[in-house]
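The values are calculated or read from the model by the stated rules, or taken from the named source; none is laboratory data. Everything numeric in this text was worked out from a predicted model, so none of it was measured. Neighbour counts run over all protein chains shown; Cβ positions are idealised from the backbone, glycine included. The accessibility values were calculated without ligands, DNA or RNA, using every heavy atom of the protein model including side chains. Shrake-Rupley method; radii C 1.70, N 1.55, O 1.52, S 1.80 Å.
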Amino acid sequence: MNIVSQLKLGLALAGLILWGYGVRAEINWLRWVGIGFLAAAAVMRFWRPRSKGDS
């Protein structure tokens, strides 16, 4: 597992934890931060490093 995959997994896991705690404790800003982390992980899913032949 490379560093980008670990980062995506970490963002998704942190997002789920923050979102879940925000929902349970009824803290709106924490809920939105969790959603932001999940969105960042989803966007990174489509990001791929450039190959050496690309310009």
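Brief remarks on what is shown
- What you get for the chain, charging only the Cβ of Lys and Arg (+1) and of Asp and Glu (-1), is a dipole of about 200 debye around the Cα centre.
- Over the chain, relative contact order from alpha-carbon pairs under 8 Å, at least 6 apart, %: 35 percent
- Expected 222 nm ellipticity per residue - DSSP helices of 4 or more, -39500 (n - 2.57), all of the chain, to 500: -25000 deg cm²/dmol
- With all protein chains in place and a 1.4 Å probe, the accessible surface of the chain carries 66 percent carbon and sulfur.
- Listed options for Rg/Rh (Cα atoms, Kirkwood Rh) are [x] 1.58; [y] 1.18; [z] 1.03. The value calculated from this structure is the one marked [y].
- Degrees, to the nearest 10: 3-25 long Cα axis against longest axis of the chain: 10 degrees
- For the chain, the longest piece that avoids every one of the chymotrypsin sites (Phe, Trp or Tyr not before Pro) found in DSSP loops with at most 10 other C-beta atoms within 10 Å covers 1-45.
- Exposure rule at most 16 other beta-carbon atoms within 10 Å, DSSP loop trypsin sites (Lys or Arg not before Pro): the chain longest free segment: 1-44
- Tilt relative to the chain, helix 28-44 - C-alpha long axis, 0 to 90 degrees, to 10: 20 degrees
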